[in-house]
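The values are calculated or read from the model by the stated rules, or taken from the named source; none is laboratory data. This one's a predicted model, so the numbers in the text were calculated from it and none came from an experiment. Backbone-built Cβ (ideal geometry, glycine too); neighbour counts: all protein chains shown. The area values use the complete protein model at the heavy-atom level, side chains included, leaving out ligands, DNA and RNA. Shrake-Rupley method; radii C 1.70, N 1.55, O 1.52, S 1.80 Å.
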Amino acid sequence: MTPADNPKVEVVAPITGDIIDITEVPDAAFASKALGDGFGIINPLGGEVVSPVTGTIMMVAKTLHAVGIRTESGLQFLVHLGIDTVELEGEPFSISVAKGDTVIAGQAIGTMDVEKIKNAGKETATIVAITNTKKKLDRIEVTTGAAKAGAPVAQALCQSRSYGSSNRGG
């Protein structure tokens with residue numbers, strides 16, 4: 001198998017904070033990986049939010065709390081800003097991208113007002129989940145600890161394109 005058969009996607013922190021394993025995020029659905037594997041960011045400082053990967057914007061939630069991005073390799077990343085923040089109807093967020101836009105990892109895509117989220121009694125943890133984990137992801141290797149927005153924090157390894165077919169020629 002060549003590296004092209006099993007591409008890696010570099011993932012950067014979408015916001016400054018402390019990177020944690022996805023199983024530790026304070027949301028049962030995300031922590032159980034029901035929405036895909038990935039990681040969380042706790043104690044986010046807020047402010048600028050950047051794209052965690054290079055790709056195309058697939059979705060921006062009407063309430064601006066979530067953005068979906070598809071990489072060239074087919075991985076679908078969801079950036080979810082805060083927990084239960086859909087109830088805040090977009091108030092703490094501004095998003096500067098739209099469906100169909102192309103972004104590069106580390107490019108600003110919006111802002112998050114952590115104080116407004118805290119004042120509303122909501123959790124500020126941010127989550128990056130690969131929503132098509134079962135179909136496309138082999139594994140994600142995450143480096144936990146403090147990280148600045150735009151700093152590399154993970155490598156997502158795509159499944160082999162051969163999908164267990166016979167290994168012809170080698």
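A few comments on the model shown:
- Test: Thr56 is assigned to a strand (DSSP E or B) and of a type in the set (S, T, N, Q): yes
- Here Ile130 fulfils each of the conditions (1) open to solvent by 30 Å² or more (accessible area, probe 1.4 Å); (2) within 18 Å of Ala31 (Cβ to Cβ); (3) of a type in the set (Val, Ile, Thr); (4) touching a residue at least 40 places away in the same chain (Cβ under 8 Å) apart from (1).
- Residue tally, condition assigned to a loop (DSSP other than H, G, I, E, B), open to solvent by 60 Å² or more (accessible area, probe 1.4 Å), at pLDDT 95 or above and polar (S, T, N, Q), over region 16-44: 1
- Pairing each residue of region 32-49 that is farther than 21 Å from Ile95 by Cα with any residue that is open to solvent by 50 Å² or more (accessible area, probe 1.4 Å) and assigned to a loop (DSSP other than H, G, I, E, B), provided the two are 6+ apart or on different chains, yields C-beta distances under 7 Å for Leu35/Thr131; Gly36/Thr131.
- Taking region 62-99 as the range and being in a strand (DSSP E or B) and open to solvent by 70 Å² or more (accessible area, probe 1.4 Å) as the test, only Arg70 passes.
- Residue satisfying all of: in region 82-122; acidic (Asp, Glu) and over 17 Å from Thr16 (Cβ atoms); modelled with the highest pLDDT among these: Asp101
- Test: residue in region 45-62 that is modelled with pLDDT of 95 or more, on the phi < 0 side of the Ramachandran plot, touching a helix residue (DSSP H, G or I) at 6+ places or on another chain (Cβ under 8 Å) and of a type in the set (A, V, I, L, M, F, W, C): yes
- Within region 103-127, considering residues that are charged (D, E, K, R) and in contact (Cβ under 8 Å) with a residue 60 or more places away in the chain, the one surrounded by the fewest Cβ atoms within 10 Å (Cβ to Cβ): Glu115
- Qualifying residue in region 45-61 (condition: surrounded by fewer than 23 Cβ atoms within 10 Å (Cβ to Cβ) and of a type in the set (Ser, Thr, Tyr)): yes
- Test: residue in region 149-166 that is over 12 Å from the mean Cα position of the chain (by Cα), assigned to a strand (DSSP E or B) and β-branched (Val, Ile, Thr): no
- From the options Lys62, Lys134, residue that is under 21 Å from Lys33 (Cβ atoms) and of a type outside the set (A, V, I, L, M, F, W, C): Lys134
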